[in-house]
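Trainee: The following block contains the structure, expressed as structure tokens.
The values are calculated or read from the model by the stated rules, or taken from the named source; none is laboratory data. Since the structure is predicted, the reported quantities are computational estimates derived from the model, not experimental observations. Don't worry about glycine lacking a Cβ; one is built from the backbone with ideal geometry, like all the others, and counts go over all protein chains shown. Heavy atoms of the whole protein, side chains included, go into the accessibility calculation; ligands, DNA and RNA do not. Shrake-Rupley method; radii C 1.70, N 1.55, O 1.52, S 1.80 Å.
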Protein chains: 2
Amino acid sequence: MKTDDRPGILDRIEHVAIAVDDVDSAVAWYTSTFRCTVAYKDATWALLAFGNLNLALVIPEQHPPHIAFASPGAEKFGTLTTHRDGTRSTYVKDPAGNSVEIMATD
Amino acid sequence: MKTDDRPGILDRIEHVAIAVDDVDSAVAWYTSTFRCTVAYKDATWALLAFGNLNLALVIPEQHPPHIAFASPGAEKFGTLTTHRDGTRSTYVKDPAGNSVEIMATD
């Protein structure tokens with residue numbers, strides 16, 4: 001079953017942020033290797049849009065690598081911070097210590 | 001624009017594999033925290049299905065953390081290995097050293 005065809009009962013992953021040491025060279029590599037578009041870029045991080053997901057490339061000293069999930073129960077996990085783009089989220093750790101962002105769906 | 005609505009011209013991310021130290025406790029946490037289903041699980045890794053993406057939880061000593069992209073040009077990046085589920089892929093590194101799996105789309 002293609003992921004696009006799954007019923008809406010499953011939560012969505014909104015973005016994944018991975019560590020890079022140089023944003024420009026990482027953006028150049030990903031945009032020349034894959035069909036994706038640059039949604040945002042500065043010296044500390046960039047956001048690439050793929051067909052089903054946004055991929056963030058982050059300098060880890062300034063932005064922690066993490067995975068962001070959209071959850072209708074986001075408020076249960078902590079006080080939500082409102083970001084400049086209007087989204088609201090909080091951060092938790094999974095049992096292995098990975099950073100997990102939980103974003104409200106409304 | 002919701003990611004589901006994007007035109008098919010953008011490549012898709014097929015799965016993301018992140019490191020965990022214990023598969024059982026990670027699966028228990030993710031399945032109780034989010035609406036996702038367990039597509040596969042053994043002692044060394046598990047595959048969780050989310051609405052738009054598969055998330056693999058891997059013991060890094062046995063399976064390297066990576067991001068897998070579906071690309072119609074996968075063959076350009078190396079000899080493709082055929083896996084048990086019929087998919088074909090090769091692994092490369094991005095400029096920061098992150099492991100990237102490139103999967104054929106056919």
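Trainee: Considering each of A:Ile102, A:Ile59 in turn, give the residue that is within 12 Å of chain B (Cβ to nearest Cβ), closer than 26 Å to B:Ile102 by Cα and surrounded by 14 or more Cβ atoms within 10 Å (Cβ to Cβ).
Mentor: Residue meeting the stated conditions: A:Ile59.
Trainee: Right, another one. Considering (1) open to solvent by 70 Å² or more (accessible area, probe 1.4 Å); (2) facing chain B (nearest Cβ under 10 Å), say which one A:Thr79 fails and leave the rest.
Mentor: (2)
Trainee: I need a count of the residues in region B:11-56 that are buried (at least 18 other Cβ atoms within 10 Å of the Cβ) and touching a residue at least 40 places away in the same chain (Cβ under 8 Å).
Mentor: Of the residues in that region, 13 qualify.
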